[in-house]
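Visitor: Before anything else, here's the structure in question.
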Amino acid sequence: MHKIWLIVQREYLTRVRKKSFIIMTFVGPLLMAAMIIVPVWLATVSSDGEETIEVLDESGFFAGKLQDKGELKFHYVQEPLETAKKRVTENENSSLLYIPKLDLDNPQGIKLFSQENTSLSTQLNLERMLKSEIEEQKFARSGVDKAVLDKIKTDIDINTVNLKDGDEKSSNAAVTSGAGYVGAILIYMFIFIYGVQIMRGVIEEKTNRIVEVVISSVKPFQLMMGKILGIAAVGLTQFLLWITLSFAVVTLLSSRFQTDRFSDKQISQTMETMQDAGQAEKAQEMNKIMSALDNLNVPLLLGCFLFYFLGGYLLYGALFGAIGSAVDNETDTQQFMLPITIPLIMSFIVAQTVIMKNPDGPVAFWMSIIPFTSPISMMLRLPFGVPGWQLALSMALLVLGFIGTVWLAGRIYRVGILMYGKKVNYRELSKWLFYKG
Amino acid sequence: MLQIKDVSKSYASHLALDHVSFEIPEKSIFGLLGPNGAGKTSLIRIITQITGADTGEILFKGERLKPEHINRMGYLPEERGLYKKMKVGEQLLYLAQLKGLSKADATARIKSWIDKMELRSWVGKNIEDLSKGMQQKVQFIATVLHEPELIILDEPFSGFDPINANLIKDQILELREKGSTIIFSTHRMESVEELCDNIALINKSKKVLDGPVKTIRDSYKTNTFLVEGKGKLLLASPDFKVLEQREHHGFFHAIVQILDNQSPNVLLRYMLERVEIHAFKEKVPSINEIFIQTVTEKVNA
């Protein structure tokens, strides 16, 4: 045990002290923060100031009806089309909305002239405004009172409530699957990034022949276990640092953006003050997401996440270690990597289709029970509620699977690390399993 | 110290050790000799418990070999290797701790060895910055740092210049003085005769001979003598057989075998009457000659 601890320490310290680790630790959160903040920033930057739209209305339907909205300023003109067009070509920031004489039932021939291409949002905005205006006119013509119509208009919004365990929880399919998805992605990334590091570490020890010295001091199993645990600790450290640092960076940078505008009080205020009902709807939706988040069983999710995170990593880590010991250099690893990556990638692809659609179906069930796919699949199912016995079975099998792969890897490792200059195939590997110690 | 009893080991395709038995006396330097691929490294790996024997057993100080003995051994593999990215000092500390030394003990011992090996200014450097010879020194220190009772050195002098080879040689002798038993595996014979007390010769997975160096050499004596002198040597006695004879400017050089277990004095007396003798010396075969003779014999057989 003491020796495993020494190995863990060495694996941990040499990696954590590397320049690349330190750089990645600091660059990682910046990248992550950038991923969150840059789009927001770009969105605020890209609106390029006011746009004047000159309206030449020959139909007379829209006189004084188009109100300035946001960056769109309307300016009515009365002159022949040709002169108006000519003027617009001389002015960069204005465009000409030409409305010919219209048939209300079939409004055709509305044109927008501008020097530059009109942005899609401007076009959509204009279309919406004209459409609603024409509708108003039609209502007026057919004698329907707009106020009556507004009363009839209804908004339906279903609040999904989870009745399990007797108490009501408001749920939200998007949020639940989102939570599981994030967990699954993290597990997937972790297994790959740090699994490969284990493999590299083993290959490195093998190529610089230190392994023979170490193996004459400790058992191969201890060396492998120490390596797997040490690298896991490195990974956890990096993840924790990333999370903390990203959080800090995001908080710092977004303190200027109003992030609390989704709180209940804010929403009612928004509802009262905002004329635009769409905005309020959005805020309400956000509020629902927040309350669904609140109602997720966070301790269970977090606990399971940690369990599957470590379980999955250990299971695959042992296999990666075994691959490393079986080959002489990294280029030879391909043929052995495939069978390891397939279940991982498969569970991810299947996850997006089958499991998300039917989290309690047979495919989801089996994939979340079999150890090779369970870390990712179970994380995706968990937020939807998984029967206790399934969870217990899945966890027990994962532990067994882990012990199994470590045993398997230990056998391969023991023979492989001292085997040089020999291309290994699967038949050879299976023989190693039954070599006498 | 170590009794190897009837040890066999086979890998998938070939037999690496075929019923090998011998004994390694305590506080001695033991030469494990054999051509490349004879099975030396396999035997060493069994002793260091990296692999297990198929049959047979090994006794360490009378006890059957078990994992606890590992900490009482030090092993310098033929294929040297250290963690390239680790500092010299850290590396030694790590390897010493893996051998069960406490941190304080290890640090103190590393200090004294670093001085002995003239590596003081390199302690803080990464292994990859060291020359090959210096890396070897570091590895030698790592092997003996925990003061093992049994030290196994596989080709310890390869890669050293003569000065450093001597430095290592002196350390090996000193370690024996302090009571360590040293197994010294090599296929180079020059160093064997000056260092080893006992040897075992392995060829083609089998032990072909073992015992104290002196006894072995004596047993390969053929009662042959080297004679040098002035004049013309003409031996016409049925008691002697001239194996080789050269003449040069009135001086001669000859190798003579004395037959029928006669005393060398008989030959001397015979020659004194006829030529002037400058040198007379028994020709004892070197380990190298014995090695080559034994190995090629087996090949021809």
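Every number in this text was worked out from the coordinates using simple rules, so none of it is lab data. For clarity, every value in this text was computed on a predicted model and none was experimentally measured. Positions of Cβ are generated from backbone atoms using ideal geometry, with glycine treated the same way; all protein chains shown enter the neighbour counts.
Visitor: What do you get for Rg/Rh over the stretch B:209-301 if you use C-alpha atoms and the Kirkwood form of Rh? Walk me through the numbers before you get to the answer.
Guide: Values: Rg = 15.3 Å, Rh = 14.6 Å.
My calculation of the ratio gives 1.05.
Visitor: Separate question: What is the angle, in °, between the Cα long axis of helix B:88-98 and the longest principal axis of the Cα atoms in chain B? Nearest 10 is fine, range 0 to 90.
Guide: It works out to around 90 degrees.
Visitor: Please grab the % of Cα pairs in the stretch A:298-437 that end up more than 27 Å from each other. All intermediate terms of the calculation are to be shown ahead of the outcome.
Guide: On the way: 2880 of 9730 pairs.
Distances greater than 27 Å cover 30 percent of the Cα pairs.
Visitor: Another question, if that's okay. Tell me the label-point distance for the pair B:LEU226, A:GLN334, using the 7 Å Cα-to-Cβ offset, in nm and rounded to one decimal.
Guide: Calculated label separation equals 6.2 nm.
Visitor: Here's a follow-up. What list of ³J(HN,Hα) values in whole Hz, one per residue of the stretch A:133-147 in order, does the Karplus curve 6.51 cos²θ - 1.76 cosθ + 1.60 (θ = phi - 60°) give from phi, with Gly and Pro shown as x?
Guide: 5, 5, 4, 4, 4, 5, 4, 4, 5, 8, x, 7, 6, 4, 4
Visitor: Please give the peptides B:212-222, A:337-347 ranked by average Cβ packing (other Cβ atoms within 10 Å per residue), highest first, as a rough proxy for protection. Mind showing how you got there, number by number?
Guide: Details: B:212-222: 13.9, A:337-347: 15.9.
For the peptides B:212-222, A:337-347, the packing ranking is A:337-347, B:212-222.
Visitor: Can you tell me what share of the DSSP beta bridges in the protein assembly as shown is antiparallel? A percent to the nearest 5 is fine.
Guide: 60
Visitor: Counting only residues 5 or more places away or on other chains, whose amide H sits under 5 Å from the amide H of A:TYR76 once H atoms are built in the peptide plane?
Guide: A:VAL55
Visitor: Here's another thing I want to ask about it. Quick check: the angle from helix B:162-177's long axis to the longest principal axis of chain B, C-alpha only, nearest 10 degrees?
Guide: Taking Cα atoms only, the helix is inclined about 80 degrees.
Visitor: Same structure, new question: Of the cross-linked pairs B:LYS66/B:LYS206; A:LYS431/B:LYS9; B:LYS178/B:LYS281, which ones have a Cα-Cα span greater than 28 Å in the structure shown? Don't skip to the answer; put the middle values down first.
Guide: Numbers: B:LYS66/B:LYS206 24 Å; A:LYS431/B:LYS9 16 Å; B:LYS178/B:LYS281 36 Å.
Pairs exceeding the cut-off: B:LYS178/B:LYS281.
Visitor: When Cβ neighbours within 10 Å are restricted to other protein chains, what is their mean count per residue of peptide A:213-226? Don't skip to the end; give the middle numbers.
Guide: Values: counts 15, 5, 8, 16, 15, 4, 4, 1, 0, 1, 1, 0, 0, 1.
Partner Cβ neighbours, averaged per residue: 5.
Visitor: Quick one: which residues, 5+ away or cross-chain, put their amide H under 5 Å from the amide H of B:ASP54? H built at 1.01 Å from N.
Guide: B:SER8, B:LYS9, B:SER10
Visitor: Arrange the peptides A:311-322, B:111-122 so that the one whose residues have, on average, the most other Cβ atoms within 10 Å appears first. It would help to have the intermediate numbers written out before the result.
Guide: Numbers: A:311-322: 26.8, B:111-122: 14.7.
The most tightly packed comes first, giving A:311-322, B:111-122.
Visitor: Just to check I understand the Karplus step: with θ = phi - 60° and J = 6.51 cos²θ - 1.76 cosθ + 1.60, what whole-Hz values come out for the stretch A:298-310, glycine and proline as x?
Guide: Residue by residue, the stretch A:298-310 yields 5, x, 4, 4, 5, x, 5, 4, 4, 4, 6, 4, 6 Hz.
Visitor: Bin width 10 Å, origin at 0, all Cα-Cα pairs of the stretch A:53-131: what percent of pairs per bin?
Guide: Bins of 10 Å from zero give 17, 56, 26, 1 percent of pairs.
Visitor: Let me confirm one metric for peptide B:121-128, namely the mean number of other chain beta-carbon atoms within 10 Å of its residues' beta-carbons.
Guide: Values: counts 0, 0, 0, 0, 0, 0, 2, 1.
Per residue, the number of nearby Cβ atoms from other chains is 0 on average.
Visitor: When 1/r is averaged over all different Cα pairs and the result inverted, which Kirkwood radius in Å belongs to the stretch A:1-159? Walk me through the numbers on the way to the answer.
Guide: Numbers: mean 1/r = 0.0474 Å⁻¹.
For the stretch A:1-159, inverting the mean 1/r across all distinct Cα pairs yields 21.1 Å.
Visitor: Among B:SER28, B:ASN203, B:ILE183, which residue has its Cα positioned farthest towards the positive end of the charge dipole of chain B, with +1 placed on the Cβ of Lys and Arg, -1 on the Cβ of Asp and Glu, and the dipole taken about the Cα centre?
Guide: B:ILE183
Visitor: Just tell me which lysines come within less than 18 Å, Cα to Cα, of A:LYS86; anything on the same chain fewer than 8 places away is out.
Guide: In chain and number order, the partners are A:LYS111.
Visitor: For the protein assembly as shown, what does the equivalent ellipsoid look like in terms of its semi-axes, each the square root of 5 times an eigenvalue of the Cα gyration tensor, given largest first in whole Å?
Guide: Values: eigenvalues 1558, 175, 101 Å².
Listed largest to smallest, the semi-axes of the protein assembly as shown are 88, 30, 22 Å.
Visitor: When every alpha-carbon pair in the stretch B:97-198 is counted, what percent end up more than 17 Å apart?
Guide: When every Cα pair of the stretch B:97-198 is considered, 54 percent fall beyond 17 Å.
Visitor: To continue, here is another question. Starting from the amide H of B:LEU2, placed 1.01 Å from N in the peptide plane, find each other amide H under 5 Å away whose residue is 5 or more places distant or on another chain.
Guide: Distant-sequence amide H within range of B:LEU2: B:ILE24, B:LYS61.
Visitor: How many Cβ atoms of partner chains, on average, are near each residue of A:197-210 if near means within 10 Å of its Cβ?
Guide: For peptide A:197-210, the averaged partner shielding equals 3.
Visitor: Separate question: In whole Hz, with x marking every Gly and Pro, tabulate ³J(HN,Hα) for the stretch B:18-24 from phi via Karplus 6.51 cos²θ - 1.76 cosθ + 1.60, θ = phi - 60°.
Guide: 10, 6, 8, 9, 6, 10, 10
Visitor: Report the antiparallel proportion of the DSSP beta bridges in the stretch A:1-108 as a percent, rounded to a multiple of 5.
Guide: Details: 1 of 13 bridges.
Bridges in the stretch A:1-108 are about 10 percent antiparallel.
Visitor: Note down, for chain B, the three equivalent ellipsoid semi-axes (square root of 5 times each alpha carbon gyration tensor eigenvalue), biggest first, whole angstrom. Working shown, then result.
Guide: Values: eigenvalues 405, 119, 51 Å².
Working from the Cα gyration tensor, I get semi-axes of 45, 24, 16 Å.
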